[in-house]
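Since the structure comes first, as structure tokens, the remarks are kept for the end.
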Amino acid sequence: MGETQGSILNPANPQITIRRVREADLDHVVALDERVTGLAKPEYWHDIFDRYTKRRVGERFFLVAEPAGEGADLPLLGFIVGEVRAWEFGSRPCGWIFAFSVEPDTRQQGIGERLFEAISDEFRAIGINTMRTMVERKNQLHMAFFRSEGMVAGPYIQLEKDLDD
Amino acid sequence: MKLQISSRLAIYALLELAADPQRQMSVAEIGEKYGVSSHHLAKVMHTLGRAGLVRSIRGVGGGYSFSGNARRTTLLDVITLFEEISGPDGATANSTDAEWALDQVLNEIDDIARATLGSITIATMLKQMTRRKRAAGARNAAEA
């Protein structure tokens, strides 16, 4: 997941906590997403927060990774968001990951893996045994990460049409 | 999709060696496991050596060991040492509509193949192999 550019954690034992998102995390989520994607989307993230912390919370998971202990340079190291979706495209209930990000300076330290495992555990705990995501074909960083976590091509192919053609 | 035998052998050899970077294996040992001649495999190992993926160790008990970065080396990196994974020739201004349309389809397939091969590292392959072994172990334990 990209080169590590400096380290604020011990790579052998990154001291992090994975927990559900809180309102106070939102500004940090927006800032991390903006650092990674180059686009600030505060309204989008506030809407996601409302939906993922107030409705169907038993099958919607917005998890964040924060450094354990005092005095960390960064308040938030990453986040992952997913939910159970059922019967769309004829699919049986399945866990979808639709947002995932790790602070660029702390990559290659197992934070993404911890977030991935945490959301897998949440899905497993409610009886979901398939997890899906969608990755832009050119995004080798995310593609390689999800592959390394054991994800493979699923039974669906995404199709689209340019409506200007 | 078919891969040339050299590409397949290179991937097999890298997986053997990268599974334990301390391990040295001779060309004959790897060749025997995959049923190929040492002559063919020696050429493959030479190419991998030039790419910095394996190191040759001379002398008695010598052979090859893995010297690459398993988390950074993708299947596409290895395959392109031996063959081109290129798309069709590409439609030109002179192409017929039929040639253009078929090119679109073949390009789509090639794009997916390249993206897949470019996202799977040697480390990911080793993890996949470990999962298979673990699953087989669990099945055997359940049957016992």
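The values are calculated or read from the model by the stated rules, or taken from the named source; none is laboratory data. None of the values given here were measured: they were computed from a predicted structure. Note that each Cβ is placed from the backbone with ideal geometry, even for glycine, and that neighbours are counted across all protein chains shown.
Scan the stretch B:67-87 and tell me whether some residue there is among the hydroxyl-bearing types (Ser, Thr, Tyr), away from every other protein chain (no Cβ under 13 Å), more than 21 Å from B:MET1 (Cβ to Cβ) and touching a residue at least 12 places away in the same chain (Cβ under 8 Å).
Within the stretch B:67-87, one or more residues are among the hydroxyl-bearing types (Ser, Thr, Tyr), away from every other protein chain (no Cβ under 13 Å), more than 21 Å from B:MET1 (Cβ to Cβ) and touching a residue at least 12 places away in the same chain (Cβ under 8 Å).
What do you reckon, is B:ARG139 within 30 Å of A:GLY150 (Cβ to Cβ), within 14 Å of chain A (Cβ to nearest Cβ) and exposed (fewer than 13 other Cβ atoms within 10 Å of the Cβ)?
No, not satisfied.
For residues that are outside any helix (DSSP H, G or I) and within 13 Å of the chain's Cα centre (by Cα), tally how many sit in the stretch A:126-148.
The total comes to 5.
Is it the case that some residue within the stretch B:94-117 is without any contact (Cβ under 8 Å) to a residue 24 or more places away in the chain, part of a loop (DSSP other than H, G, I, E, B), surrounded by 12 or more Cβ atoms within 10 Å (Cβ to Cβ) and away from every other protein chain (no Cβ under 11 Å)?
yes
Which numbered condition in (1) touching a Phe, Trp or Tyr at 6+ places or on another chain (Cβ under 7 Å); (2) on the phi > 0 side of the Ramachandran plot is the only one that B:MET45 fails?
For B:MET45, the exception is condition (2).
Hydrophobic (A, V, I, L, M, F, W, C) and either buried (at least 21 other Cβ atoms within 10 Å of the Cβ) or assigned to a loop (DSSP other than H, G, I, E, B) (or both), is that true of A:ALA99?
No; evaluated as a whole, the condition is false for this residue.
Name, by its number, the condition in (1) at pLDDT 90 or above; (2) over 22 Å from the mean Cα position of the chain (by Cα) that does not hold for B:PHE82.
Only one criterion is unmet by B:PHE82, namely (2).
Only one residue in B:MET45, B:MET25 is under 18 Å from B:ILE5 (Cβ atoms) and surrounded by 19 or more Cβ atoms within 10 Å (Cβ to Cβ), so which one is that?
Step by step, each of B:MET45, B:MET25 is checked, and only B:MET45 is under 18 Å from B:ILE5 (Cβ atoms) and surrounded by 19 or more Cβ atoms within 10 Å (Cβ to Cβ).
A:VAL30: in a helix (DSSP H, G or I), touching a helix residue (DSSP H, G or I) at 6+ places or on another chain (Cβ under 6 Å), at pLDDT 90 or above and not aromatic (Phe, Trp, Tyr), yes or no?
Yes; evaluated as a whole, the condition is true for this residue.
Considering only residues of the stretch A:111-165 that are of a type in the set (Val, Ile, Thr) and within 14 Å of another protein chain (Cβ to nearest Cβ), which is surrounded by the fewest Cβ atoms within 10 Å (Cβ to Cβ)?
A:ILE157
Can you tell me which residue is surrounded by the most Cβ atoms within 10 Å (Cβ to Cβ) among those in the stretch A:29-70 that are in contact (Cβ under 8 Å) with a residue 40 or more places away in the chain and closer than 20 Å to A:ALA86 by Cβ?
Among them, the one singled out is A:PHE62.
Please give the number of the condition A:ALA65 fails out of (1) within 14 Å of chain B (Cβ to nearest Cβ); (2) on the phi < 0 side of the Ramachandran plot.
(1)
The rows are residues; the columns are (1) at positive phi; (2) at pLDDT below 95; (3) surrounded by fewer than 17 Cβ atoms within 10 Å (Cβ to Cβ); (4) not in a loop (DSSP other than H, G, I, E, B).
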position: B:SER7; (1), (2), (3), (4): no, no, no, yes
position: B:LEU17; (1), (2), (3), (4): no, no, no, yes
position: B:GLU32; (1), (2), (3), (4): no, yes, yes, yes
position: B:GLY49; (1), (2), (3), (4): no, no, yes, yes
position: B:GLY52; (1), (2), (3), (4): yes, no, yes, no
